[in-house]
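See structure below.
The values are calculated or read from the model by the stated rules, or taken from the named source; none is laboratory data. These numbers come from a predicted model, not from an experiment. FYI the Cβ positions are ideal-geometry reconstructions off the backbone, even for glycines, and counts take in every protein chain you see. The protein model used for the area step is the full one, side chains on, heavy atoms only, and it has no ligands, DNA or RNA in it. Shrake-Rupley method; radii C 1.70, N 1.55, O 1.52, S 1.80 Å.
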Amino acid sequence: MKNYALIVDVEKCTQCYNCVLSCKDEHFGFDFLPIAAGCQELEQHWVDVRITERGKGDKVFVTCRPEFCLHCGDPACMRFGDAVYRREDGIVIIDPVKARGRKELLDSCPHGAISWNAEKNLPQKCTLCAHLLDAGEKEPRCVEACPTSCLNFGDLNDPESRVAGLVSEHEALRRQDGVVRYFGEPGRVITGSVYLDEKEVCEGAQVELIHGDECVARTRTNGFGDFKFRNAPEGELTVSIEYQGKAPVHYVCEDMDSDREIVLA
Ligand code: SF4
Ligand code: SF4
């Protein structure tokens, strides 16, 4: 028996929307009974790319995250009766006949993965393209269409598979129990702007990011006096700034993300 995994490497998503378009191409206008009825053309996506912006000005970091039904190990949606079932390979299916008219299913998913097909009076979600896998295809349409290896699909029971390798490499993946799992989520964003006085920016200052006693990252301020670190670790972080004859500045980053303006004395 297969034990499917669809592993999303968040850092590799470039917001190309190939996953969204290919899913629509596969499922709009076609029924794959008994697994799924076709989706609506508009106002319904079984996968969508969520964009998160952090920081401000020219220190913005953008993260793109393709989001699907997770095909949870213990699906909350299944507690709403027999219209939803979980297959032995891990795929969670909303039965397109039994679920007809059951709009309350939309509230059963804590991840907001179920959407309403108003034309068919039907709650629907990603099927992991089970109709293709059952017919012998190696991967779902969206995975096939992804050009960056952001989406990785395979069988965890095959120790040689890429997904099995990713799970053994990344502890975060071992903590998730659904078919769809994520890694490469951005860490803390630490940014700042350094000035020589109230009018003049400080270019070329050395900036270090200290975690415990260790310098975990080092950079220099750019022509605008700005510095930025992404994927900074959890725990107490200190920023240390040094520039020529000026007194060094050290400060503790108290929030998850930090953006400071510093005038050197
Ligand atoms: S993500 Fe939501 S819809 Fe998908 S299996 Fe989990 S609870 Fe059900
Ligand atoms: S696995 Fe299939 S149904 Fe699910 S989002 Fe990808 S293309 Fe759509």
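What separates the Cα centres of segment 102-162 and segment 49-94 is a distance of 10 Å. Each residue of segment 49-57 was assigned a 3J(HN,Hα) from its phi angle through the Karplus curve 6.51 cos²θ - 1.76 cosθ + 1.60 (θ = phi - 60°); the sequence is 9, 8, 9, 10, 10, 10, x, 8, x Hz, with glycine and proline shown as x. Of the GluC sites (Glu not before Pro) found in segment 1-64, the ones in coil according to DSSP and having at most 15 other Cβ atoms within 10 Å of their Cβ are GLU41, GLU43.
Ratio to report: Rg/Rh of segment 4-183, with Cα atoms as the point set and Rh obtained by the Kirkwood method; give two decimals. Computed over Cα atoms, the ratio is 0.96. When the charge dipole of the chain is built from unit charges on Cβ atoms (+1 for Lys and Arg, -1 for Asp and Glu) and taken about the Cα centre, the candidate among ALA36, GLY187, LEU133 whose Cα reaches farthest toward its positive end is ALA36. Around the amide H of ALA37, modelled in the peptide plane, lie the amide H atoms of PHE32, all under 5 Å away and 5 or more residues distant in sequence or on another chain. For segment 188-263, the C-alpha radius of gyration sits at 1.02 times the compact-globule guess of 2.2 N^0.38 Å, with N the residue count. Only DSSP H runs of four or more residues enter the estimate; each adds -39500 (n - 2.57), and after division by the residues of the chain the mean residue ellipticity at 222 nm equals -3000 deg cm²/dmol. The trypsin sites (Lys or Arg not before Pro) of segment 199-236 that meet both conditions, a loop assignment by DSSP and at most 12 other Cβ atoms within 10 Å of the site Cβ, are LYS199. Among the trypsin sites (Lys or Arg not before Pro) in segment 1-99, those located in a DSSP loop and surrounded by at most 11 other Cβ atoms within 10 Å of their own Cβ are LYS56. Note on segment 14-114: Kirkwood hydrodynamic radius from all Cα pairs is 15.4 Å, rounded to one decimal.
Share of carbon and sulfur in the accessible area of the chain stands at 48%, probe radius 1.4 Å.
As a quick test, which of the pairs LYS12/LYS125; LYS103/LYS138; LYS2/LYS125; LYS199/LYS246; LYS2/LYS103; LYS24/LYS56 have an alpha carbon distance above 27 angstrom in this structure? As for pairs spanning more than 27 Å Cα to Cα, those are LYS103/LYS138; LYS2/LYS103; LYS24/LYS56. Distances between placed amide hydrogens fall under 5 Å for ALA217 paired with LEU209, all partners being 5 or more residues away or on another chain.
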